[in-house]
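What follows is a set of notes on a single structure, which appears directly below.
The values are calculated or read from the model by the stated rules, or taken from the named source; none is laboratory data. Note that this is a predicted model, so its numbers are computed, not measured. Every residue, glycine among them, receives a Cβ derived from its backbone with ideal geometry; neighbour counts consider all protein chains shown.
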Amino acid sequence: MTTIFVRTIIIYVTLILAIRIMGKRQVGQLEVSELVTTFLLSELASFPITDDSIPLLFSVIPILTLVALEVIGAYAVTKSNRLKRIFIGRPTMIICKGKLDQKELERNRISVEELFSQLRMKSIVSLDEVEYAILEQNGQLSVITRSQVQPLSPVDVNIDVPEKGIAHALIIDGEINDQNLEVAGKTKEWLKKKIKSYGCRIEDVFIFTVDDHGDEKLIRRDTK
């Protein structure tokens, strides 16, 4: 039992490191080669865990080999358009300038029902709203709507709106986030004074954020 436990931990750590090296992607964003590598990694990792007669190296070496091939292949693809077409493919225009390309729809084996489903998930109810629909290499559908149906922006009505950037969570569940504090350009002394001005302690704060424009938001912890 102890042997299985230790082998499981070793394989787990190896897989975590391998996936970190491959990069951060969601499942729906994986390229074909990355998806294949992920499936192979899961298979290779299970062998020495379920069968303790298999040496760990029989799993670790293939895992590291696959990761090395994936990293090298990803670099090679960026340097060669031919390799890029083979391993990644090209984006496909399903709708171009408002016109549906039925041949591309058929070639990519996308039914009309599936196309409408993808459009509805993007809050588009009619093909008349779409200027371009592009099937990306990872299988995701990118949609650009016609100008007439796009909401007005401040630029359209000549309104100058200050940039707020992003909200940096400086305190999360009573703990100071040093990394976000540095990104926001604030100090702990400033933060402590700011929290004190709200009449509470850092331990009493559930979330405290400040954006690049200086707007703040404080949410206190719920008291039971």
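Assorted remarks:
- Subset of the range 123-135 (residues that are surrounded by 14 or more Cβ atoms within 10 Å (Cβ to Cβ) and out of contact with any Lys or Arg (no Cβ under 9 Å at 6 or more places or on another chain)): ILE124, LEU127, ALA133, ILE134, LEU135
- The range 27-45 residues that are of a type in the set (S, T, N, Q), paired with ones that are modelled with pLDDT of 75 or more and assigned to a helix (DSSP H, G or I) (beta carbon under 7 Å, 6 or more apart): SER33/GLU70; SER33/GLY73; THR37/LEU66; THR37/GLU70
- The criterion of being within 19 Å of ILE94 (Cα to Cα), among the hydrophobic types (A, V, I, L, M, F, W, C) and either outside the structural domain of LEU35 (by TED's automatic domain parsing) or surrounded by 15 or more Cβ atoms within 10 Å (Cβ to Cβ) (or both) does not hold for LEU181.
- Search result, residues across the range 114-137 that are at pLDDT below 90 and under 28 Å from GLU34 (Cβ atoms): GLU136, GLN137
- Residue within the range 88-98 that is at pLDDT 90 or above, assigned to a helix (DSSP H, G or I) and of a type outside the set (Phe, Trp, Tyr) present: no
- Residues in the range 50-87 that are assigned to a helix (DSSP H, G or I) and among the hydroxyl-bearing types (Ser, Thr, Tyr): THR50, SER59, THR65, TYR75, THR78.
- Residues that are among the polar types (S, T, N, Q) and either farther than 30 Å from THR145 by Cα or loosely packed, with under 12 Cβ neighbours inside 10 Å (or both), drawn from the range 66-94: THR78, SER80, ASN81
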